[in-house]
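Undergrad: The structure follows.
The values are calculated or read from the model by the stated rules, or taken from the named source; none is laboratory data. On a predicted model such as this, the values are computed, not experimentally measured, just so you know. Heads up, the Cβs are rebuilt from the backbone with ideal geometry, glycines too, and the neighbour counts pull from every protein chain shown.
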Amino acid sequence: MDYLLRQQSLFDRSKLNDVFPVRSFEPESQLFWCKGDNNESFLAAAWLCAPLCGVNEQSALNLKALFSNDYPNDTMISFHLTSSTFIDPILSRFYNARSHVMSNKSDPIKADIARRYCANRVKLYQDGAKKCLDESNPLLLKDFSLICVMKVPVSKTPTEEEFDKIRTLSVSFGSALTSLNCAPSQMNHEDYLAVMRQMLNPSKYPKMQLDPNLELNEQIFDYEDSIHIEKNHLKVNERYVKSMSVQRFPEVALLPQVSHLIGDPRGSLNQILEPFILSTHIYLPDYQKERDEITKKGAKLRTQAMGRFGAMFPRIRMKSENFQVLIDSIEDGNRPIKIWTNLLLSSDTEDGLLKQATKVKTFYEYNGYLLKDDTFTQGPCWQLQFPMAIVPQAEQFTHKFSSMTTEHACELIPIVADFKGNGPGANSLFYTKRGQPVMYDPYDSDTSFNGVVAGITGSGKSVLCNDLLMGLYTRNAIIRIIDSGYSYRKTTDIVGGEFIDFANDEMDISINPFTNIVDIDEQYGGIETILEYMAAPKEGLSDYQLSKLQQYVLELWQQHGNKLEITLLSEYMAKEGAKNKDIHVEHMAAQFFKYTRHGTFGKYFIGDANLQMSGDWSCLELDGLQNQPELRMIVLIMMVMKLKQDFISTDRNRYGIVLIDEFWKFCSIKKDSIVPPDPGVRKVIDFIDEAYRVFRKFNKCCWVATQSLLDLGLGSPLLNNSESIILGKQRKEAISYMKEQKMLSISDYDYKMLETLDRKGSEYSEYFIYTTNRGSGFLRFKLDRFSQLLYTSNAVEDTRIRHYESKGFTIPQAIEEYMKEQEREANKRSA
């Protein structure tokens, strides 16, 4: 018998699942049942949320409203802000958005480009979750998540009445989270297990198996999982973990400041480099009992502070003052609560964990938080930081909770992290200065899909625009570019697109505005804009002249239809003006001279128009017209008008974009002008603005790229009707003027952050993405090596790529061959 007992003792193990109380999930009420002691159990609800990318006074008020529900005594409310280097779900969205193009056998060139473009970008970000993308800042890419929990005590076996009551509370709690705009999604048992497994192993793909025959706590761990507890840390499987708790909060707390607890948003070295869990637990005690106890302690401290002890011990006086603040807050109607904020750090090495903990304590103290190790209590404190693991008794046995009211607690909740993107779309990948991957898509919008990109020379604006277009192209969008500077010639060549260059005399371009007219009555507005700009680009035509112009155009249209030309119109008006002795018509006829067959621009307006812009990708290069700005503007108006008609007639389910780059060359406006000084330019902008409004109805968009928002002028309709604004590096004086004129609805802090935007050579560029109703963020944009070579203007790199192309490789294949060549050379140097 003794032998059998000894054998049994060899196999006895402390079961990890015993320390987690969550046992089951009730689908109808969407509540979890958690085991308690012999007298009670708990019902809990949990929500998976997106951390806010910014907060204001209303956010704190919404949190205060969340705490104001009629919760039973001993209710626990927890907020867990977590980070994980497991970013594969984000990258899968990027990949899946292009799967239909990559598998399209009818267009093998586009499919090949999409595959290589996507694979290289995804690999860059996968590597960034394992090693730093920026050598000057050893930060790993990680995904921030927010988990909110409400846990309420009930009888040992919950009754139907208790289920109904807690269910009602959970609906109210979820509504409060919705008002916070954190996109709450109530968790079920599958979500719970996935989250728990992910929090335990933050760099691994969580196993998704669910066994209906086992309780939930029995399915969190694998058989090979292990936990070793030391004095100042734990070892969970192969990762070292340290639990630290906030011992003192700042004297003055503001909700935006809590964002700094997960790292400096400005990108300094004060960062939490690896995965973490930042938890804040709110304990709701018996209101009357807690109020009486606080009042009693406050009176005792006040008496001590008024005597000799107050003079001898300043700390007593300070505590007395703090308790008075607490009593005043309670008398104002705020509920007394107790709060515990804990930080779990993790690292692959014990040394790395120690260094990280030292750094974190320093920048916590800088922000007014005193952070201390949970010495000798690492195991229990670690276990209590997981969703629904906290219990009311923790307030007594941990000695970690601080007394305050909901008025103060709502300024200390960790609900703020980084911008994660503007929706479910997957066009372009960025990452924040704290390592959050960001997915941006111009088509994630409740209003329009239009946008503006602005950045000074050298900010990387054209590279970003190239990649924005490539992201859309690899999703089968129609791409139309109007540029002045040859920034898209190489990309157009790579995708086999159409490149139309006005500097190329061999193309024999004709832009007769009448050729593509289908319905003269419906399209006359656009024709009139073009003709008025031709005749009077600065002053515009009078109402009388516009009336006569319409008369003569319609008369000639009846005779010539699409064969009508500017020469015929000018000669006809001259003839009619002389016959009727109408000097205004004669002047107008003369003003068309330069566009007739006898004028300097006449060659572009003879015969049928052949400037079509067709295919999946087409670029119109107008740099050859830089010495003829009036002609360049006319071409711009005509192409916007034509593309508007083209987009109307295409499949509405297919994305399409018109990008007008170097917009300041076409329509430069004085920064302090509300409207363009020239009537001609004003009508052009109004015409483009009309296209802005029309494009959305057909799932298309129009973007302009320029050096500064000031190029568009104050109150620009293009700016007002742009859902997205992307700003690269700007001059300080431009930022000051934007702030003074309130051109963007952002805070003073964000305007200050605009001054930090920079570009670090070919490593990365920094941008501020602003959306009118989908959030905003300061981001870094980094290209993988394949994309760098895709857009490169480096002569040596371009020569080597052409070398491989001459051997029969396609351009994407040639780029990858050159990448292999560079890798071989790098290996030789390191050998």
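Undergrad: With the structure loaded, tell me whether Asn73 is under 22 Å from Met470 (Cα atoms) and over 22 Å from the mean Cα position of the chain (by Cα) or whether it fails that test. Break it down into steps so the answer makes sense when it comes.
TA: Details: under 22 Å from Met470 (Cα atoms): no; over 22 Å from the mean Cα position of the chain (by Cα): yes.
So Asn73 does not fit the description; no.
Undergrad: When you look at His228, is it closer than 23 Å to Lys355 by Cβ and surrounded by 12 or more Cβ atoms within 10 Å (Cβ to Cβ), yes or no?
TA: Answer is no for this residue.
Undergrad: Can you find, within the range 479-510, the residue that is modelled with the lowest pLDDT among those that are β-branched (Val, Ile, Thr) and farther than 22 Å from Gln707 by Cβ?
TA: Once the filter is applied, the top-ranked residue is Ile509.
Undergrad: Could you give every pair whose Cβ atoms fall below 7 Å, whose first residue belongs to the range 457-479 and is of a type outside the set (S, T, N, Q), and whose second residue is part of a helix (DSSP H, G or I), counting only separations of at least 6 or pairs across chains?
TA: Val463/Tyr791; Asp467/Ser787; Met470/Tyr117; Met470/Thr491; Arg475/Val101; Ile479/Leu469; Ile479/Leu472; Ile479/Tyr473
Undergrad: For the range 394-441, enumerate the residues that are free of Cβ contacts under 8 Å to residues at least 40 places away in the same chain and either over 26 Å from Asp784 (Cα atoms) or of a type in the set (S, T, N, Q) (or both).
TA: Selection gives Gln396, Phe397, His399.
Undergrad: So which of Leu754, Leu783 is without any contact (Cβ under 8 Å) to a residue 60 or more places away in the chain, among the aliphatic types (A, V, I, L, M) and in contact with a Phe, Trp or Tyr (Cβ under 8 Å, 6 or more places away or on another chain)?
TA: Step by step, each of Leu754, Leu783 is checked, and only Leu754 is without any contact (Cβ under 8 Å) to a residue 60 or more places away in the chain, among the aliphatic types (A, V, I, L, M) and in contact with a Phe, Trp or Tyr (Cβ under 8 Å, 6 or more places away or on another chain).
Undergrad: Filter the range 502-524 for residues that are under 22 Å from Ile482 (Cα atoms) and of a type outside the set (A, V, I, L, M, F, W, C) and give the result.
TA: Kept after step one, since they are under 22 Å from Ile482 (Cα atoms), are these residues of the range 502-524: 502-517, 523.
Scanning the range 502-524 gives Asn504, Asp505, Glu506, Asp508, Ser510, Asn512, Pro513, Thr515, Asn516, Gln523.
Undergrad: Related question: Among the listed residues Thr375, Thr362, Thr358, which satisfies the condition of being touching a residue at least 24 places away in the same chain (Cβ under 8 Å) and not in a loop (DSSP other than H, G, I, E, B)?
TA: Result of the check over Thr375, Thr362, Thr358: Thr362.
Undergrad: Scan the range 396-409 for residues that are assigned to a loop (DSSP other than H, G, I, E, B) and either of a type in the set (Val, Ile, Thr) or not assigned by TED's automatic domain parsing to the domain that holds Gly333 (or both) and report the count.
TA: 1
Undergrad: Looking only at strands (runs of 3 or more DSSP E) that lie completely in the range 410-518, which have at least 3 residues being over 30 Å from Cys182 (Cα atoms) and assigned by TED's automatic domain parsing to the domain that holds Gly761?
TA: 478-483, 498-501
Undergrad: Within the range 525-559, how many residues turn out to be surrounded by 14 or more Cβ atoms within 10 Å (Cβ to Cβ) and of a type outside the set (Val, Ile, Thr)? Full working, then the answer.
TA: Of the range 525-559, the ones surrounded by 14 or more Cβ atoms within 10 Å (Cβ to Cβ) are 526-537, 540-541, 545-546, 548-550, 552-553, 556-557.
When the remaining residues are screened for being of a type outside the set (Val, Ile, Thr), the result is 526, 528, 531-537, 540-541, 545-546, 548-550, 552, 556-557.
Looking only at that region, the number is 19.
Undergrad: I'd like the residue in the range 378-395 that is assigned to a loop (DSSP other than H, G, I, E, B) and polar (S, T, N, Q) and, out of all such residues, is surrounded by the fewest Cβ atoms within 10 Å (Cβ to Cβ).
TA: Gln393
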